Amino acid sequence: MPRSQLRPPDSTPHDGAVMRQPQPGQPELALVLGAGGARGLSHIPVLEALDELGVRPSLIAGCSMGAIIGAAYAAGLSGRELREHVTMAFRDRAKVIARMLDARVGKFTDLMRGLGNPVLIDGERMLDLFWPEAVPDRFEDLKTPFLATATDYHLHSEVGLGKGPLTPAVAASLAIPGLIRPVVIEGRVLIDGGAINPLPYDRLMAPGRIVMAVDTSAPATISETRVPSPLEAMLGVSQILTRTIVQRMIERQPPDILIRAGADGIGGLDFFKAKAILDAAEPVKDEVKRRLAQALDARG
């Protein structure tokens with residue numbers, strides 16, 4: 001996979017502050033966007049911060065919701081364009097619900113006939129319905145190299161996807177069991193990458209590279225006593241698993257820069273709260289700029 005120096009196209013960010021131009025030989029930036037359901041929309045302000053600095057990653061990796069957003073960013077969309085797209089997409093509740101129903105694999109009558117899960121979603125159809133049109137069909141047509149992480153259901157192993165058709169790869173990365181249908185790629189049955197590596201930064205750590213990992217997993221809610229619905233519980237198990245795995249990874253070997261984003265009290269399916277999620281994540285932009293400047297200075 002090609003590598004390039006961290007070269008901002010413009011040393012004057014959008015907010016008027018001036019960031020110094022990285023010199024030849026400075027490290028490249030690898031951006032890793034983690035799983036998190038609706039909380040993963042908090043990745044977008046991080047992307048906006050990089051845009052305001054005029055910094056473009058040389059490599060992007062993502063898992064689940066991080067793969068959806070990461071692929072769109074790798075396609076060349078800006079953080080602001082993604083914010084506008086997401087805000088517009090989830091503004092019309094009835095239209096979103098209609099699109100999700102259209103992406104279902106089965107029908108509710110199938111449940112009575114013993115033919116399967118009536119709420120199971122075809123991830124590829126869902127992405128076609130909600131992704132911006134600028135996202136290409138193949139990895140090779142992206143403007144920035146991109147990796148999506150999935151899990152091999154039968155081999156219990158992590159799978160990195162970085163070539164060929166893009167939509168099935170990202171659909172595999174977000175295929176939460178019971179909600180999104182597994183995807184078969186080259187004979188392998190693939191499910192949610194969060195089952196093994198919801199923040200796939202560990203394999204990207206390397207000399208000459210700064211790895212910024214953005215964790216949007218949900219923390220424990222100590223004061224919450226409400227009993228979740230069956231669907232919430234299914235997503236909640238995935239969020240608990242994600243947080244636990246990420247925490248153990250960080251304790252073992254943290255990334256060069258760890259950014260934690262995501263508002264408290266946001267559930268995995270709270271996409272209709274998109275504007276509130278994005279607004280709540282706004283303060284993370286200053287942290288991204290500060291931490292990246294510190295990392296560049298330390299390597300300078």
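Normalized C-alpha radius of gyration of the range 169-212, against 2.2 N^0.38 Å?
My calculation over the Cα atoms of the range 169-212 gives 1.43.
Which distance in nm do the two modelled labels at Glu133 and Asp264 give, with both placed 7 Å along the Cα-to-Cβ direction?
4.3 nm
When the Cα centres of the range 228-253 and the range 58-109 are compared, how far apart do they sit, in Å?
21 Å
Distance from a point 7 Å along Cα→Cβ of Leu101 to each backbone N in the range 179-208: keep the residues under 20 Å and list them by number.
Taking a point 7 Å out along Cα→Cβ of Leu101, the residues of the range 179-208 whose backbone N falls under 20 Å are 179-181.
Taking the C-alpha atoms of the range 186-245, how large are the radius of gyration and the largest Cα-Cα span, Dmax, in Å?
15.5, 48
What is the spin-label model distance, in nm, from Ala220 to Arg299 if the labels are put 7 Å beyond Cα along the C-beta direction?
Going by the 7 Å Cα→Cβ label model, 3.5 nm.
Would you work out what percent of the accessible area of the chain, with all protein chains in place, is carbon or sulfur (probe 1.4 Å)?
The computed percentage sits at 56.
So how do Glu140, Glu186 rank on accessible area, 1.4 Å probe, biggest first, that is with the largest at the start?
Final ranking, largest accessible area leading: Glu186, Glu140.
In Å², and per residue, what accessible area does the chain have when probed at 1.4 Å with the other protein chains present? Could the numbers behind the result be given before it?
Working: 14450 Å² over 300 residues.
I get 48 Å² per residue for this part.
What is the ratio of the Cα radius of gyration of the range 143-202 to 2.2 N^0.38 Å, with N the residue count, to two decimals?
Normalised Cα radius of gyration, the range 143-202: 1.01.
Any chance you could give the angle, 0 to 90 degrees and rounded to 10, that helix 65-74 forms with the longest Cα principal axis of the chain?
It works out to around 50 degrees.
Go ahead and run the numbers for FRET between Ser229 and Arg91, Cβ-Cβ distance against an R0 of 25 Å, rounding to 0.05.
0.55
Quick check: convex hull over the Cα atoms of the chain, volume per residue in Å³, rounded to an integer?
Values: hull volume 40.9 nm³, N = 300.
For the chain, the hull spanned by Cα atoms encloses 136 Å³ per residue.
Checking the cross-link filter: which aspartates and glutamates have an alpha carbon closer than 16 Å to that of Lys95, excluding same-chain neighbours under 8 positions apart?
Output for Lys95: Asp128, Asp270.
Please state the shape class of the range 164-300: rounded when a/c is under 1.5, otherwise prolate if a/b exceeds b/c and oblate if not, all from the C-alpha gyration tensor.
In terms of gyration-tensor shape, oblate.
What are the radius of gyration and Dmax of the range 36-105, computed over its Cα atoms and given in Å?
13.4, 43
The values are calculated or read from the model by the stated rules, or taken from the named source; none is laboratory data. No experiment lies behind these values; they were computed from the predicted model shown. Note that each Cβ is placed from the backbone with ideal geometry, even for glycine, and that neighbours are counted across all protein chains shown. Side chains included, ligands, DNA and RNA excluded: accessible areas come from the protein's heavy atoms. Shrake-Rupley method; radii C 1.70, N 1.55, O 1.52, S 1.80 Å.
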